[in-house]
Amino acid sequence: MIRINLLPHRAEKRRARRQQFYGLLGSVSVLAALIVFLGYSVISGYITAQEAKNDFLKKEIAVLDKQLDQIKRLKEQTQALLARKQIIESLQRDRAEAVRLLSEMVKQMPEGVYIRSLKQDGVKVSLNGYAQSSARVSTLMRNIEASPWLEKPQLIEIKAVTLDKRRLNEFSMTVALKRVAVDEGGKK
């Protein structure tokens, strides 16, 4: 009988399969490392591109913030100028008001009524004075009601007093000024 020794053949096949396995394992490892490197490179590229976009957006946001600050300052300046303009228009409208008030008070004052003090606070005018009788105070109130520049007389107090051995009525009242509307052209 012929005896064939298959052990070296089997050992060679095992060795060949082992080398094939290690070769395949090495190539799979190289391929896996290559895939990981490519994935890392692609992700790193995306991150770099996104960081560049973020930096660009941050610079643009900073520019826009500066512009918003300028706009805010301009709005504040505009509001301040409008407030000044309103004050100037109000002063322009009311510059002759004191003269008109005194002139109108002289016209409406009946005989026997004397003003002791006159105080203006905006459109409200406070009057304190003396009258020879309460009927003269009533006449003053009616005259004020009929006046084109004065309105809403309100008697606060009237009382009898003796002044320089004369019997008089001391009174306090408030009166409102009628404001003149200013037209668009600035004429009254």
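Quick note: the coordinates plus some simple rules give every number you see, no bench work behind them. All values reported here derive from a predicted model rather than from experimental measurement. Cβ: placed from backbone, ideal geometry, glycine included. Neighbour counts: every protein chain shown.
For this structure, a couple of remarks:
- Shown is the FRET efficiency for Arg18 and Ala49, computed with R0 = 45 Å from the Cβ-Cβ distance and rounded to the nearest 0.05: 0.45.
- Charged neighbours of Glu51, selected by a Cβ distance under 14 Å, balance to +2 (K, R count +1; D, E count -1).
- Helical segments meeting 20 Å axial Cα length and Kyte-Doolittle -0.5 threshold in the chain (DSSP H): 7-94
- Extension gain (nm, one decimal) between Val28 and Glu157, 0.36 nm per residue minus Cα-Cα: 35.4 nm
- Rg and Dmax of segment 2-109, Cα atoms only, in Å: 45.9, 159
- Stretching Ala98 away from Ala146 to a fully extended chain increases their span by 15.4 nm, per 0.36 nm per residue minus the current alpha-carbon distance.
- Stokes-Einstein diffusion for the chain, with the hydrodynamic radius set to the Kirkwood value over Cα pairs and evaluated at 20 °C in a medium of 1.002 mPa s, equals 81 µm²/s.
- Here the Gaussian network model covers the chain, with springs between Cα atoms less than 10 Å apart; of Ala131, Ala33, Ala11, Ala11 fluctuates the most.
- Each helix, a run of at least 4 DSSP H residues, gives -39500 (n - 2.57); summed and divided by the residues of the chain, these come to -22000 deg cm²/dmol at 222 nm.
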